[in-house]
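Below: the structure, in structure tokens.
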Number of protein chains: 2
Amino acid sequence: MPRKKATGEHDVGGRERLLAAAVGLFAVKGYAATTVRDILRAAGVTAPVLYYHFGNKEGLFLALVREGVEKVDAARLEAFKETASVVERIRRYCLANVAVRREFADLAWVVEAILSGPPEAAPPFDFRAIVTRMLRQLQDLVEEGVASGELRPCDPRHAVMVLIGFMEAASRPRLFEMAGLRADDLVEGMLSMVLDGLAGRVTQSLA
Amino acid sequence: MPRKKATGEHDVGGRERLLAAAVGLFAVKGYAATTVRDILRAAGVTAPVLYYHFGNKEGLFLALVREGVEKVDAARLEAFKETASVVERIRRYCLANVAVRREFADLAWVVEAILSGPPEAAPPFDFRAIVTRMLRQLQDLVEEGVASGELRPCDPRHAVMVLIGFMEAASRPRLFEMAGLRADDLVEGMLSMVLDGLAGRVTQSLA
DNA sequence: GTCTATACAATGATAGAC
DNA sequence: GTCTATCATTGTATAGAC
């Protein structure tokens, strides 16, 4: 029999039930360790529903990843849209990035698993275009800042990597919670540190 | 029949053969997607050899992870040992970290998969002690630098997170190669960027 | 679009000989 | 310590009714 729906749960189709169930499971168990039966049980549907909508386990996974990529990508574009100083746009970018990753935490984990996990642990998904675009956007931003004097002269590619590493660390609760930090102040604190640098005397990073 | 040994291959026991085979497979396929048969075939041994030495698949995995943790940990301690300026010790730490991760690339991947991957994707391994120690060491270092004036006054915990993010990004070939960077100059380039900061006018980080 | 029932390959693991 | 042979279970996926 169809699973009893929880209180307040919409009468969504099996497709959405499956997506919702799968994202949670993939996030905590990973793709390979999550069985089709796990997903079916969590979604309260039977096997043919999955195979009807997604073809197979891999299809379900890829549908999920696409959804996640779009969300991050959208937040990114949003942050770049408005005109502001370079530093301010970088700041918005980082805040937006961390914000989406927190809002769609499970989905972010699933995407992250492909980006940084073992190459063949999950179905192949080509991120090159989207990563390249991100690198390009950030590098343009840095170059603009250097040209205008807002940023210190530097190799923009190194600067981009530093920014990426910073966002990466700021998005890992398991890590920064061990350091006794809350996500709230972390981003701003780390960002000002990245901007002003660790070493040397105080240099005001301009108003 | 036992697998024919490749040229120059030592006549090591099944135990070592299994460890060597497993690390490569876990690195590219992840724990869950790597089957016992995969490992056996790659190692050229039969099933009972694995179960005799490691009890089960999980035991083999954990033996591997312990080995990896020890390697990273040893490199870390080595970097802290000699007396030098704070900046120099930070520099050594980061170089050492990236160096081990490159030397034992597969092993590093396996460890990384537990640290940053889905919580239940691999057998449970308690990293808390080791991560806490790393955070502590870095934070002490930063505090020492701040006290001596070598480092800018700051929240040491934020500084530690920035350093961790930096090392993280510097250890991900798939990422920085897309930016057209080679691992060689990357660490030094990024480190000076972290020390001097992105924003503001040039501040020499002292000799 | 969803169900019941099931096919069937692959999986982790073991027994018992040597 | 390693082998051959095998098991019980779980895995993905499908056929066919409604």
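Taken together, the values in this text are just the output of simple stated rules run on the coordinates, not laboratory data. Nothing here was measured: the structure is a model prediction, and the numbers come from that model. Virtual Cβ from ideal backbone geometry, glycine too; neighbours counted across all protein chains shown.
Most fluctuating residue of B:181, B:195, B:50 in a GNM of chain B with Cα springs under 10 Å: which is it?
Comparing B:181, B:195, B:50 in a Gaussian network model of chain B, the most mobile one is B:181.
Suppose every Lys and Arg Cβ carries +1 and every Asp and Glu Cβ carries -1, with no other charges. What dipole size does the protein assembly as shown come out with about its Cα centre, to the nearest 20 debye?
It works out to roughly 1240 debye.
Which whole-number percent gives the relative contact order of chain B, counting Cα pairs below 8 Å spaced six or more residues apart? Working shown, then result.
Numbers: 156 pairs, mean separation 33.9, N = 207.
In percent, rounded to a whole number, it is 16.
With +1 assigned to the C-beta of every Lys and Arg and -1 to the C-beta of every Asp and Glu, and no other charges, what is the dipole magnitude of chain B about the Cα centre in debye, to the nearest 20?
Values: 27 positive and 27 negative charges, 137 e Å.
Approximately 660 debye in magnitude.
Using only the alpha carbons, work out the radius of gyration and Dmax of the stretch A:67-113 in angstrom.
For the stretch A:67-113, the Cα-based Rg and Dmax read 11.2, 33 Å.
For a quick check of your reading of the filter: which GluC sites (Glu not before Pro) in the stretch B:26-92 sit in a DSSP loop and have no more than 14 other Cβ atoms within 10 Å? Could the numbers behind the result be given before it?
On the way: sites: B:58, B:67, B:70, B:78, B:82, B:88; in loops: B:82.
Of the GluC sites (Glu not before Pro), the ones in loops of the stretch B:26-92 whose Cβ has at most 14 other Cβ atoms within 10 Å are B:82.
Can you give the percent of C-alpha pairs in the protein assembly as shown whose distance is more than 41 Å?
Numbers: 18246 of 85491 pairs.
Cα-Cα pairs in the protein assembly as shown separated by more than 41 Å: 21 percent.
Using only atoms on other chains, find how many Cβ atoms lie within 10 Å of each Cβ of peptide A:127-135 and report the average.
Details: counts 2, 2, 0, 0, 4, 2, 0, 1, 5.
Mean partner-chain Cβ count within 10 Å for A:127-135: 2.
Hey, what do the phi angles of the stretch A:47-61 turn into as Karplus ³J(HN,Hα) couplings, whole Hz, using 6.51/-1.76/1.60 and θ = phi - 60°, x for Gly and Pro?
3, x, 4, 5, 6, 5, 7, 10, x, 6, 4, 4, x, 4, 4
Quick check for chain A: number of Lys pairs with alpha-carbon distance under 23 Å, counting only pairs 8 or more apart or on different chains? Mind dumping the intermediate values first?
Working: A:29/A:57; A:29/A:71; A:57/A:71; A:71/A:81.
Total qualifying Lys-Lys pairs in chain A comes to 4.
In nm, one decimal, shortest first: how far is the label point of residue A:84 (7 Å from Cα along Cα to beta carbon) from the matching points in the other copies?
3.9
List, shortest first and in nm to one decimal, how far the label point of residue B:52 (7 Å from Cα along Cα→Cβ) is from its counterparts in the other copies.
The answer, with the shortest distance listed first, is 5.3 nm.
State the Cα centre-to-centre distance between the stretch A:143-197 and the stretch B:123-175 in whole Å.
Between the Cα centres of the stretch A:143-197 and the stretch B:123-175 lies a distance of 14 Å.
Report D for the stretch B:23-132 in µm² per second (integer): Stokes-Einstein, Kirkwood Rh on Cα pairs, 37 °C, 0.692 mPa s. List each step's numbers first, then the result.
Values: Rh = 15.3 Å.
Calculated translational D: 214 µm²/s.
Decide, for the stretch B:117-202, between rounded, prolate and oblate: order the square roots of the alpha carbon gyration tensor eigenvalues as a ≥ b ≥ c, take rounded if a/c falls under 1.5, and otherwise choose prolate if a/b is larger than b/c, else oblate. If you can, show how the numbers build up before the last one.
On the way: a/c = 2.77, a/b = 1.15, b/c = 2.41.
Oblate.
So what is the calculated 222 nm ellipticity per residue for chain A, using -39500 (n - 2.57) for each DSSP H run with n of 4 or more, over all residues, to the nearest 500 deg cm²/dmol? Don't jump to the answer; show the numbers that get you there.
Details: 10 runs with 145 residues, N = 207.
Result for chain A: -23000 deg cm²/dmol, rounded to the nearest 500.
Residue B:120 label points, 7 Å along Cα→Cβ, one per copy: pairwise distances from this copy to the rest in nm, shortest first?
Computed spacing set for this position: 2.7 nm.
Would you tell me which residue of chain A has the beta carbon closest to the rotation axis bringing chain A onto chain B, and how many whole Å away it is?
Residue of A nearest the axis onto B, distance in Å: A:197, 1.
Tell me, what HN-Hα J-couplings in whole Hz come from the Karplus equation 6.51 cos²θ - 1.76 cosθ + 1.60 at θ = phi - 60° for each residue of the stretch B:106-114, using x for Gly and Pro?
So the Karplus estimates, Gly and Pro as x, are 4, 4, 4, 4, 4, 5, 4, 4, 6 Hz.
Could you work out, residue by residue across B:113-126, how many beta carbons of other chains sit within 10 Å of that residue's beta carbon, and then give the average as an integer? Don't jump to the answer; show the numbers that get you there.
Values: counts 6, 0, 3, 9, 8, 17, 6, 7, 13, 3, 0, 0, 0, 0.
Per residue, the number of nearby Cβ atoms from other chains is 5 on average.
Looking only at other chains, what is the average number of their beta-carbon atoms within 10 angstrom of each beta-carbon in B:186-193?
Average neighbour count from other chains, rounded to a whole number: 5.
Got a sec? Charge dipole of the stretch B:112-207, +1 on Cβ for Lys and Arg, -1 for Asp and Glu; which of B:147, B:199, B:123 is way out at the positive end?
It is B:199, whose Cα lies furthest towards the positive end.
If you take the C-alpha gyration tensor of chain A, multiply each eigenvalue by 5 and take the square root, what semi-axes do you get, largest first, in whole Å? Please list the in-between numbers first.
On the way: eigenvalues 307, 60, 46 Å².
Working through the eigenvalues yields semi-axes of 39, 17, 15 Å.
Give me log10 I(q)/I(0) at q = 0.17, 0.23, 0.34 Å⁻¹ for the stretch A:87-132, Debye formula, one equal scatterer per alpha-carbon, no solvent.
For the requested q values the scattering log ratios are -0.61, -0.91, -1.10.
Please sort A:159-166, B:18-25, B:123-130 by packing, taking for each peptide the average over its residues of neighbouring beta carbons within 10 angstrom, highest first. Display every interim value, and only then the final one.
Details: A:159-166: 25.1, B:18-25: 21.0, B:123-130: 12.2.
In decreasing order of mean packing, A:159-166, B:18-25, B:123-130 become A:159-166, B:18-25, B:123-130.
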